[in-house]
There are 6 protein chains.
Amino acid sequence: MRALIIGRFQPFHNGHAFLVKKFKENELIFAIGSAYESYTFENPFTAGERYEMIYEAMLEMQIKKFFIVPVPDINRYGVYAKHVEDLVPSFDFVISNNKLIKELFIREGYEVRETELFNRKECQGKVIRRKIANNEPWEHLVPSRVANFIKKIGGEERIRKLSNFF
Amino acid sequence: MRALIIGRFQPFHNGHAFLVKKFKENELIFAIGSAYESYTFENPFTAGERYEMIYEAMLEMQIKKFFIVPVPDINRYGVYAKHVEDLVPSFDFVISNNKLIKELFIREGYEVRETELFNRKECQGKVIRRKIANNEPWEHLVPSRVANFIKKIGGEERIRKLSNFF
Amino acid sequence: MRALIIGRFQPFHNGHAFLVKKFKENELIFAIGSAYESYTFENPFTAGERYEMIYEAMLEMQIKKFFIVPVPDINRYGVYAKHVEDLVPSFDFVISNNKLIKELFIREGYEVRETELFNRKECQGKVIRRKIANNEPWEHLVPSRVANFIKKIGGEERIRKLSNFF
Amino acid sequence: MRALIIGRFQPFHNGHAFLVKKFKENELIFAIGSAYESYTFENPFTAGERYEMIYEAMLEMQIKKFFIVPVPDINRYGVYAKHVEDLVPSFDFVISNNKLIKELFIREGYEVRETELFNRKECQGKVIRRKIANNEPWEHLVPSRVANFIKKIGGEERIRKLSNFF
Amino acid sequence: MRALIIGRFQPFHNGHAFLVKKFKENELIFAIGSAYESYTFENPFTAGERYEMIYEAMLEMQIKKFFIVPVPDINRYGVYAKHVEDLVPSFDFVISNNKLIKELFIREGYEVRETELFNRKECQGKVIRRKIANNEPWEHLVPSRVANFIKKIGGEERIRKLSNFF
Amino acid sequence: MRALIIGRFQPFHNGHAFLVKKFKENELIFAIGSAYESYTFENPFTAGERYEMIYEAMLEMQIKKFFIVPVPDINRYGVYAKHVEDLVPSFDFVISNNKLIKELFIREGYEVRETELFNRKECQGKVIRRKIANNEPWEHLVPSRVANFIKKIGGEERIRKLSNFF
């Protein structure tokens with residue numbers, strides 16, 4: 001069975017990794033939402049960079065079969081689920097705790113499964129970006145290969161700069 | 001070294017497979033062009049379906065590391081190379097015989113490598129679509145897992161219908 | 001004489017109905033603004049659903065001749081009036097108290113008539129949506145056929161859900 | 001039961017009128033396709049003008065309940081049916097002989113009914129536009145109120161001009 | 001009095017120069033149409049490059065006061081004139097022999113003046129591009145500073161390449 | 001050497017004029033950002049009006065060679081620098097204190113020069129718009145020809161109206 005996970009992955013963190021382990025019996029499709037957004041504090045990384053982060057995480061977790069698909073926003077919730085469906089490999093159910101995502105995919109006839117969350121206090125994109133901006137330790141909240149990738153592309157410095165001008 | 005291949009993959013065929021073998025020392029990124037196009041004779045398959053075809057071909061060819069990225073058209077050649085760069089993992093060179101693609105990426109400072117072509121007479125998307133439309137044998141022109149996938153999703157019938165109304 | 005009324009109609013309420021009665025000598029064109037928006041607390045209903053609401057209200061009010069036209073946003077006020085003009089039947093004047101709408105249509109040479117408002121404290125889309133979200137009585141603020149339609153399509157539950165995640 | 005008819009209505013003609021009569025037991029929704037197109041020989045009339053034409057025809061045919069909805073193109077067949085669904089009142093089946101429209105709505109789970117055609121040789125938009133361009137009689141091919149409307153807005157002269165520069 | 005000239009200026013040629021001389025009593029606004037198009041045989045130069053060509057031509061012709069404005073296509077003739085009006089300085093009349101441009105601006109209430117043409121056989125963008133592609137002399141058909149600019153940016157070679165793959 | 005200045009110029013003010021003087025050895029390109037925005041308090045003037053303001057200022061400052069280019073937003077920072085580059089004449093460096101603009105152009109390989117600012121307390125678009133809205137003196141903060149232009153087009157009244165409904 002294939003499962004769709006929609007996120008912005010800014011960055012991919014241990015909350016996502018927890019989810020991957022929990023659904024390891026399934027083939028996972030990662031839909032990278034807001035794919036055209038980048039260079040803002042909310043969305044610092046390009047879709048291409050987020051693609052690599054997820055890929056690195058899968059290597060680290062030794063996941064063999066998975067799909068990564070950048071999905072641009074279309075700003076029309078009424079057709080959003082169809083828009084995603086058009087761009088990604090076919091899937092059997094959706095994994096999401098986001099009430100809007102849930103509503104939109106249920107309306108299209110999909111099953112949506114909620115999950116418990118892992119260390120929700122810290123494992124959130126905005127918390128991690130804030131820690132990076134404040135020079136606090138953040139590396140323990142993401143897979144190590146993701147941390148390395150972020151450092152390699154100068155992601156810390158980028159986030160610090162972006163945190164000042166938005 | 002990572003190499004970018006841009007195509008529409010309507011469908012993925014043995015010409016593409018030949019290329020993959022030729023560059024098997026490289027990590028390949030497949031950019032699926034015209035990702036929003038589907039259900040026309042020129043572009044019968046959705047981006048999601050084309051993603052699966054390429055994935056199936058990589059399985060068959062036992063390629064372990066590769067990246068697949070749907071890329072919507074933006075209809076502005078002046079910024080197209082940047083648009084692709086924004087959506088895909090970083091790459092070192094481009095593989096293309098298309099003179100426009102070549103021009104656009106060289107202009108951005110990329111190396112573009114041309115390649116010899118494999119059975120160009122038959123291994124072209126439009127030739128294969130035409131064969132399918134005409135009920136001629138076509139399966140030998142694509143990897144078997146791709147042929148199976150196309151049959152499974154009713155692709156032959158779809159192409160036959162589409163060939164009549166465009 | 002034909003009059004244009006621009007609104008988002010989320011939902012059509014008695015304030016709108018009051019206006020319709022006041023201008024009952026005129027043929028009315030209802031332009032449904034932000035037609036591509038839906039499934040947000042601000043814009044819970046699709047353009048198609050809003051179309052039906054207005055239609056139901058007209059039935060209830062026994063209005064015979066009227067026009068309903070969904071109008072997508074274009075996010076360019078400098079050409080907005082022209083954009084509307086392009087999509088709707090020709091009209092003689094605009095009914096609006098919105099200062100921006102007024103400015104934009106006067107600039108295009110149209111007469112814009114302001115009107116007194118009916119029970120402005122309650123008869124506003126956002127007040128009604130808030131009441132629905134809070135499980136307070138709201139049905140008396142819209143024509144009964146509109147209330148029935150909203151219930152039939154599960155609109156109350158949808159608004160309640162949407163009020164939680166925006 | 002409600003039926004959806006998708007057309008460009010450039011102009012509304014007796015072929016459309018025939019269809020309306022044939023399905024007179026149903027409430028009809030007219031989706032005006034390519035709503036943003038106008039002032040070309042292929043699409044001479046604005047969406048607003050086409051809206052009025054259909055309205056005039058309904059008056060002439062004494063149809064009481066019907067819906068008219070301009071629908072902009074989105075150039076993505078993979079989500080087109082959903083896009084239409086989002087903008088129009090809910091419907092039970094689609095009336096169409098267009099193979100692509102048929103394919104797209106069947107895929108979304110809708111029933112699509114084909115119909116015999118009325119005087120297909122002459123009752124086609126492009127044939128009528130060509131007649132107008134050539135100063136041949138055309139008025140007998142459309143409802144009289146439609147012919148009057150076209151004349152009133154200078155439609156004949158517009159089509160003649162447009163036929164020269166495309 | 002200010003006059004608007006809409007063209008694609010691919011490239012600016014002596015036909016344009018002739019027009020400039022003829023209307024030298026007027027302040028001219030050059031609207032560069034299809035501003036987002038480039039790197040095709042039909043539109044080889046970017047808007048920025050076309051801006052410079054016009055600027056160079058004005059220097060050569062010693063015109064002191066003029067305005068150059070890139071105008072992206074919007075693919076909606078019904079609002080096109082307004083779109084242009086929104087982007088350019090205010091103007092009093094339009095200079096055009098193009099019947100569609102004429103129709104669209106007259107409809108907005110503008111005066112449109114037609115002009116005789118200069119050496120129409122050769123002074124057309126496509127004729128000049130074709131000459132460049134065929135290695136025939138073309139420099140005499142454009143102002144010398146425009147010819148120099150085209151050579152400096154490698155425009156001849158670009159056009160030759162583009163002529164082969166479209 | 002040519003320098004690019006990106007601003008919204010709502011309106012052009014003495015802070016911009018200060019910059020122009022400081023870089024008077026250079027040819028300046030003014031990129032009018034958010035070119036499609038107008039008739040909001042944040043962006044009251046159309047791109048065409050802003051074009052004229054800059055032009056008037058250049059006349060007053062007796063600058064002979066300069067370029068003005070309206071640039072629509074594309075809402076993709078990842079390709080924004082390329083988008084600007086595509087629309088404006090070629091340039092050698094960028095003048096900007098905006099950290100995001102700086103980041104985006106440095107990433108494309110451009111030099112970005114910061115500058116001291118002139119009377120930053122008052123010489124800001126929003127401060128000037130606020131003064132106009134409040135009927136406070138503002139004319140001394142912009143070149144006189146710009147003040148005259150704003151008055152001539154009714155800009156003060158427009159800003160006052162817009163300040164009330166946003």
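FYI, it's all coordinate maths here, none of it is from the lab. On a predicted model such as this, the values are computed, not experimentally measured, just so you know. Cβ atoms come from the backbone with ideal geometry, glycine included; neighbour counts cover every protein chain shown.
Only helices enter the 222 nm calculation for chain E: every DSSP H run of n ≥ 4 contributes -39,500 (n - 2.57), and dividing by all residues gives -12500 deg cm²/dmol, rounded to 500. Sequentially through region A:31-42, phi angles give Karplus couplings (6.51, -1.76, 1.60; θ = phi - 60°) of 8, 7, x, 6, 5, 7, 8, 6, 6, 10, 5, 5 Hz, Gly and Pro residues having no value and appearing as x. Compared with the dominant principal axis of the Cα atoms in chain D, helix D:47-60 is inclined by about 90°. Per residue, the average separation of C-alpha pairs within less than 8 Å and at least 6 apart gives chain C a relative contact order of 30 percent.
For F:Val112, the residues 5 or more places off, or on other chains, whose built amide H falls under 5 Å of its own are F:Val94.
Residue by residue along F:68-74, Cβ atoms of other protein chains within 10 Å of the local Cβ number 5 on average. Of interest is the spacing of the C-alpha centroids, which for region D:114-166 and region F:115-165 amounts to 54 Å.
Within a 10 angstrom radius of each residue's Cβ in B:34-47, how many Cβ atoms of other chains show up on average? Whole number is fine.
Values: counts 0, 7, 10, 4, 7, 8, 2, 0, 0, 2, 1, 1, 10, 7.
So the per-residue partner count for this stretch is 4.
Highest mean first, the peptides B:34-42, C:3-11 sorted by other C-beta atoms within 10 Å per residue fall in the order C:3-11, B:34-42. Inter-copy label distances for F:Ser144: 4.2, 7.0, 7.2, 7.2, 8.8 nm (label point placed 7 Å from Cα along Cα→Cβ; shortest first). Take F:Arg120, move 7 Å from Cα toward the beta carbon, and the resulting point lies 4.1, 4.1, 5.9, 6.0, 7.2 nm from the same point in each other copy, nearest first.
About the Cα centre of region A:2-164, how large is the charge dipole given +1 on each Lys and Arg Cβ and -1 on each Asp and Glu Cβ? Please answer in debye to the nearest 20.
340 debye
Residue and distance for the chain D Cβ closest to the axis that moves D onto B, in whole Å, come to D:Asn75, 6.
Which net charge results for the neighbourhood of D:Lys161, defined as the other residues with beta-carbon distances under 13 angstrom from its beta-carbon, given Lys and Arg at +1 and Asp and Glu at -1? Surrounding charge for D:Lys161 is +3.
Just in region E:91-127: which trypsin sites (Lys or Arg not before Pro) are loop by DSSP and have at most 12 other Cβ atoms within 10 Å? Answer by residue number: E:Arg120, E:Lys121. Taken one residue at a time, the phi angles of region F:147-155 give Karplus couplings (6.51, -1.76, 1.60, θ = phi - 60°) of 4, 4, 4, 4, 5, 4, 8, x, x Hz. Gly and Pro are set to x. Binning all Cα-Cα separations of the protein assembly as shown at 20 Å, short to long from zero, yields these whole-percent fractions: 12, 40, 41, 8, 0. Relative contact order of region D:70-128, taken over Cα pairs closer than 8 Å and 6 or more residues apart, is 29 percent. Other residues with beta-carbon under 12 Å from the beta-carbon of B:Gly48 carry, at +1 per Lys or Arg and -1 per Asp or Glu, a net charge of -1.
With a 10 Å cut-off around each Cβ of D:85-97, the average count of Cβ atoms from other chains is 4.
Rounded to whole numbers, the Karplus 3J(HN,Hα) couplings from phi for region C:83-97 are 4, 5, 3, 5, 9, 10, x, 4, 9, 9, 8, 10, 9, 6, 9 Hz, using 6.51 cos²θ - 1.76 cosθ + 1.60 with θ = phi - 60°, and x at Gly and Pro.
Residues whose amide H lies under 5 Å from that of E:Phe45, counting only those 5 or more places away or on a different chain, are E:Tyr39; hydrogens are built 1.01 Å from N in the peptide plane.
List, in the order given, every pair from B:Lys64/B:Lys99; A:Lys161/F:Lys22; A:Lys22/A:Lys65; D:Lys161/E:Lys102; F:Lys126/F:Lys152; B:Lys99/E:Lys161 whose Cα-Cα distance in the structure shown is over 18 Å. Beyond 18 Å between Cα atoms: B:Lys64/B:Lys99; A:Lys161/F:Lys22; F:Lys126/F:Lys152.
Between the residues A:Asn134, A:Leu4, A:Ile101, the greatest Cα displacement towards the positive end of the dipole of region A:2-164, with unit charges on the Cβ of Lys, Arg, Asp and Glu, is found for A:Asn134. If you take all C-alpha pairs in region F:2-164, what percent of them are over 23 Å apart? Value for region F:2-164 (Cα pairs over 23 Å): 36 percent.
I need the shape label for region A:41-119. Rule: rounded when a/c is under 1.5, else prolate if a/b > b/c, else oblate, with a, b, c from the alpha carbon gyration tensor. Since a/c reaches 1.5 and a/b is larger than b/c, the shape of region A:41-119 is classed as prolate. Scanning residues 5 or more positions from F:Val142 or on other chains, those with amide H under 5 Å from its amide H are F:Asn14, with H placed 1.01 Å from N in the peptide plane.
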